[in-house]
1. On average over all directions, what projected area in square nanometres does region 107-152 have, based on the convex hull of its Cα atoms?
2. With a cut-off of 8 Å between alpha carbons and a minimum separation of six or more residues, what is the relative contact order of the chain in percent?
3. Can you compute 3J(HN,Hα) from phi for each residue in region 28-44, using the Karplus curve 6.51 cos²θ - 1.76 cosθ + 1.60 with θ = phi - 60°, rounded to whole Hz and x for Gly and Pro?
4. Would you mind checking which residues have amide H under 5 Å from residue 197's amide H? H placed 1.01 Å from N; only 5 or more apart, or other chain.
5. Grab the eigenvalues of the alpha-carbon gyration tensor for region 71-158, scale each by 5, take roots, and send me the semi-axes largest first in whole angstrom.
6. Quote to one decimal, in nm, the extra length available between residue 197 and residue 105 on full extension: 0.36 nm per residue of separation minus the C-alpha distance between them.
7. Could you sort the peptides 34-40, 183-189 by per-residue average Cβ neighbour count (10 Å cutoff), highest mean leading?
8. Computing the accessible area with a 1.4 Å probe over protein heavy atoms, can you report the carbon and sulfur percentage for the chain?
Amino acid sequence: MIPFSAAASGNQTILHYPVSAPVKQVLQTVNLDVTGDGKPDTVELTGVKSNELDSAYNEKLMVSVKDGGSGKVTVLNIGEGYTPVLRTCDFTGDGVPEVYVSVPNGGTAGLSDFFIYSLAKGKAKKLPVPAPLKATGDYEKDYTVRFEVPEQKKTFRVDVKDRQAIYDEQGLYKDGALLRPLEATVLEFAELRPMDTNKDGVCELVGIQRSTGLANADTIAYALSLWKFAEGKWTLANTVVVKAK
């Protein structure tokens, strides 16, 4: 309940609501050399909320980097969103970790926005992030969904027999025969996970895209992609579509 006070004025009651000042919070702090001068820097992820009653949404997100050598502070504006996560990882292979932030956008689809910054030599540079796969899905007979990943010309099939009762009830199948065409929706990135998959000290990104069937709640599969950074851009190394558990 929002507290308020009341004052009588004639025959009217005037309600006085308190004015809440914005609340600034340090959400994460990392002490690590991200400028490459050999001295640890202080990296802070800060969120500004409209008031302390809203515990999840940040109307402003910032990353500040205090250079451990010069004391210079660089502020990166990340935007807005819910429960952000700060990571540091060397994506470029120059031996200096970059600053990575993922920010869920709060929608029912479970999507997030992603930001990568290099602070090498004390200069802030925003790096690109990979584009989601343009994967498509189509329902086929015998409770099967065929997925096409055009970026690598790959085809995957996912068995959805565990949904037989629901699909039959909804008039999608009868005795394994597909009664009407239906596309499976492949959403944009829910996650882009920094991971050093081959343990060489350089991080890749693992993209996770959820696929849905009859409705948003009908998660049938995940399209996974592996990305490596080289020559200023991300290169797709591998893809796979796996059944949702």
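1. 5.7
2. 11
3. Here the 3J(HN,Hα) series is 8, 9, 10, 9, 7, 6, 10, 9, x, 9, x, 10, x, 9, 9, 10, 10 Hz.
4. Amide H neighbours of residue 197: 204.
5. Ellipsoid semi-axes (Å, largest first): 36, 17, 9.
6. 30.4 nm
7. In descending order of packing, they fall as 183-189, 34-40.
8. Carbon and sulfur together cover 52 percent of it.
The values are calculated or read from the model by the stated rules, or taken from the named source; none is laboratory data. None of the values given here were measured: they were computed from a predicted structure. Neighbour counts run over all protein chains shown; Cβ positions are idealised from the backbone, glycine included. Just the protein is used for accessible areas: all its heavy atoms, side chains included, with ligands, DNA and RNA removed. Shrake-Rupley method; radii C 1.70, N 1.55, O 1.52, S 1.80 Å.
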